[in-house]
Amino acid sequence: MPKFLLKRWRGLHMYWMFGLLFALILILSYFEWRIGVAALALSGVLVFLLYRAELEFRRSLTDYVSTLTLRVKKAGSEAMHDLPIGIVLFNEEKAIEWHNPFVARMFDKDTLIGEPLLEHFPGLKNRKEKELRVEITQGEHIYEIQVKPEERLLFISDLTALRTLQAQASEEQIAMGIVMMDNLDEATQGLDDQSRSIMMAKVTGEITEWAQKYDLYMRRTASDRYFLVMNHKSLKLLEQSRFEILDEVRDITIENKLPMTLSIGIAAGTSSLPELGHWAQTSLDMALGRGGDQTAVKMGERLSFYGGRSNAIEKRTRVRARVISHALRDLIRDSDNVLIMGHKLPDMDSIGAAIGVLKMAHVSGKEGYIVIEGINPAIQKLMEAIQEDERLNRWFITPDQAIQVTSSRSLVVVVDTHRAPMTSEPRLLQMTHRRVIIDHHRRSEDFIHDATLVYMEPYASSTCELVTELLPYFNDRLTMGVLEATTLLAGIVVDTRSFSLRTGARTFEAASYLRRNGADSSLIQRLLKEDLDQYIKKSEIIKNAVIIFDHIALAVAEPGRKYSQLNIAQVADTLLTMTGIMASFAISERNDGLIGISARSLGQMNVQVVMERMGGGGHLTNAATQLEGTVAEATQRLKQVLNQIHAEEGLFE
């Protein structure tokens, strides 16, 4: 009997009560002994009855507790057998010692006692030591196993209904999208009204059928724009189809001189509708900035691209160039000075474009500086020529010098890149809010945000071409020195491989303008001459070239041999000139210890997508990346990416 129950009878309150009763009886007996004796007798009877009642209470309590214990044991036994939770006990040899019926029903067996634990729960093999919860799949069910290693005990819960509900809720989440016809004006220019109407009817019908096929709500908001609403289930189906609508629209308009292409921006992964709308527009801007004819899908933090297998369509009008030129002129005039920088280890295109912007600053009466860090061997001869030109060389400064002359009213112009980490001095972008970007690369995810002016045209052959187009509109009386004009033309020559790739009508017009302003083609040849040592190094890599996927040349340098990025790029360029080769990749260890990969193609394959999956980027026909590790690891990873793309959508157009 618990002590707290015994105190009901043996407590001090009982002793005080009987003591007081005995004292009253003595007092009563003092005055009348007969009454005292009677009171004493009645008190004895009362004590006896209280004692009997206490004994009866204790017996009844004992019987109740015994019955309750049996009920609890029975309920516990039934709970162990009927609860929707599996319980498994195992021994030190990882053999099952006992389990409840839930586990037997789980494996559709009468008993698992004595059988190996890991044979039935293989998911526990790869469990980390501190991981106490593991999910496994058994048939159509999903279970969560809670491990109690000290007790050698497993608790198993069926999560199938929960996961099904979560999947259903995920599939029903809202996603938004915007579809835009990239080149409606260019594709329909020159068509009569009837032909234009027929083509638009075909394209609209194809887009409408596509929306109905994938259960999308679509609303036309402009002549060249559609608004989409869908759920995640439809979005997954679209991603699995690789957005086939891009190819279908291009195919039905292929008979036109300029086929119609689409760009699509889709956003998902948040419950905020305003945020979804903003993400959708951002995704569309990203797709357009990468040249169009592709889809950008932003799912939370993940950004995926589909399509982009054709070159950007060259704009036929220069209206945007004129507008950008006038806006840039106003920005320069309203700034204290101009800081121009390209990417680290600048190439001919980066230096040429920077010199073109420098000319704009000087024509506007402002001081302009070109920020340069490190000398690329490819422009060694150019930099020597610039150093001999005192008038031009004085405006080239180091990043530390640039920080000293930069103020909040300085204008920072970034050329030939749009990624802050790749610029010569990223800190300059934080010192002023006046930022301008001029670039011809396809837009990547780490774009410099909040730029005052952005001029990105992926159709352009080079940044030098874009800057050259701005010059005539900047100032009618602008004149250039021979070295300035030659450097701009050299940037175009290098990026187009002597006007053989990514060359449009506007490329030749820009080259013609520079030629009229004194560009010297013979000087370009001297600046681009190749050293014999460099040629030999290039040949050492080329001799290891092999053909993969029938039309891809892959050259891998010998382990331990280091080459410059220029050598690696030249190898990829050379391989592309071989018969039957549509794309080329060159891999080697660089002088800085990183593994460099240069990729080239003739347009039938998008090497930018390949390099982006490996952390790099570039153009549809010209891309690169740098990796840590070994040459063998980089080669294996490249082959894995190529196999993955080949399985998903094919490597060639």
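The values are calculated or read from the model by the stated rules, or taken from the named source; none is laboratory data. Quick caveat, the model's predicted, so the values are computed rather than measured. Ideal geometry is used to build each Cβ from the backbone, glycine not excepted, and the neighbour counts take in all protein chains shown. What goes into the accessible areas is simple: the full protein's heavy atoms, side chains included, and nothing from ligands, DNA or RNA. Shrake-Rupley method; radii C 1.70, N 1.55, O 1.52, S 1.80 Å.
Tabulated results
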{"quantity": "Low-density loop positions, GluC sites (Glu not before Pro), the range 517-597 - DSSP coil, at most 13 other Cβ in 10 Å", "calculated": "Glu530"}
{"quantity": "Solvent-accessible heavy-atom area per residue, rounded to whole Å², over the chain at 1.4 Å", "calculated": "51"}
{"quantity": "Shape call, the range 485-546: gyration tensor on alpha carbons, a/c limit 1.5", "calculated": "oblate"}
{"quantity": "When each of Lys543/Lys639; Lys366/Lys529; Lys381/Lys562; Lys537/Lys639; Lys298/Lys359 is checked by Cα-Cα distance, pairs over 30 Å", "calculated": "Lys366/Lys529; Lys298/Lys359"}
{"quantity": "Exposure ranking of Trp395, Trp98, Trp210 by accessible area [1.4 Å probe, largest first]", "calculated": "Trp98, Trp395, Trp210"}
{"quantity": "Sequence of Leu411, Leu165 when ordered by accessible area, the most exposed leading, probe 1.4 angstrom", "calculated": "Leu165, Leu411"}
{"quantity": "Exposure rank, largest accessible area first [Tyr513, Tyr217; 1.4 Å]", "calculated": "Tyr217, Tyr513"}
{"quantity": "Rg/Rh for the range 463-504, where both radii come from Cα atoms and Rh is the Kirkwood radius", "calculated": "1.02"}
{"quantity": "Accessible surface of Asp349 - all protein chains present, 1.4 Å probe, nearest 10 Å²", "calculated": "0"}
{"quantity": "Shape box of the range 335-440 [Cα atoms, principal axes, largest first, Å]", "calculated": "35, 29, 26"}
{"quantity": "Within the accessible area of the chain (1.4 Å probe), percent carbon and sulfur", "calculated": "54"}
{"quantity": "Residue-averaged [θ]222 nm for the chain, counting only DSSP H segments that reach four residues, each worth -39500 (n - 2.57)", "calculated": "-14500 deg cm²/dmol"}
{"quantity": "Ile403 - accessible surface, heavy atoms, 1.4 Å probe, Å² rounded to 10", "calculated": "40"}
{"quantity": "For the chain, size of Cβ-based charge dipole, Lys and Arg +1, Asp and Glu -1, in debye", "calculated": "1820"}
{"quantity": "For Asp573, solvent-accessible area (1.4 Å; no DNA, RNA or ligand), Å²", "calculated": "40"}
{"quantity": "Non-local Lys pairs in the range 116-255, i.e. 8 or more apart or on different chains, that have alpha carbons under 29 Å apart", "calculated": "8"}
{"quantity": "Sparse-neighbourhood loop sites, trypsin sites (Lys or Arg not before Pro) in the range 364-430 - DSSP loop, at most 12 other Cβ within 10 angstrom", "calculated": "Arg394, Arg409"}
{"quantity": "Charge sum, other residues only, whose C-beta stays under 14 Å from Gly114's C-beta, Lys/Arg counted +1 and Asp/Glu -1", "calculated": "-3"}
{"quantity": "Normalised alpha carbon radius of gyration of the range 114-254 [divisor 2.2 N^0.38 Å]", "calculated": "1.77"}
{"quantity": "Cα coordinate range in the chain, projected on the principal axes (Å, largest first)", "calculated": "147, 64, 61"}
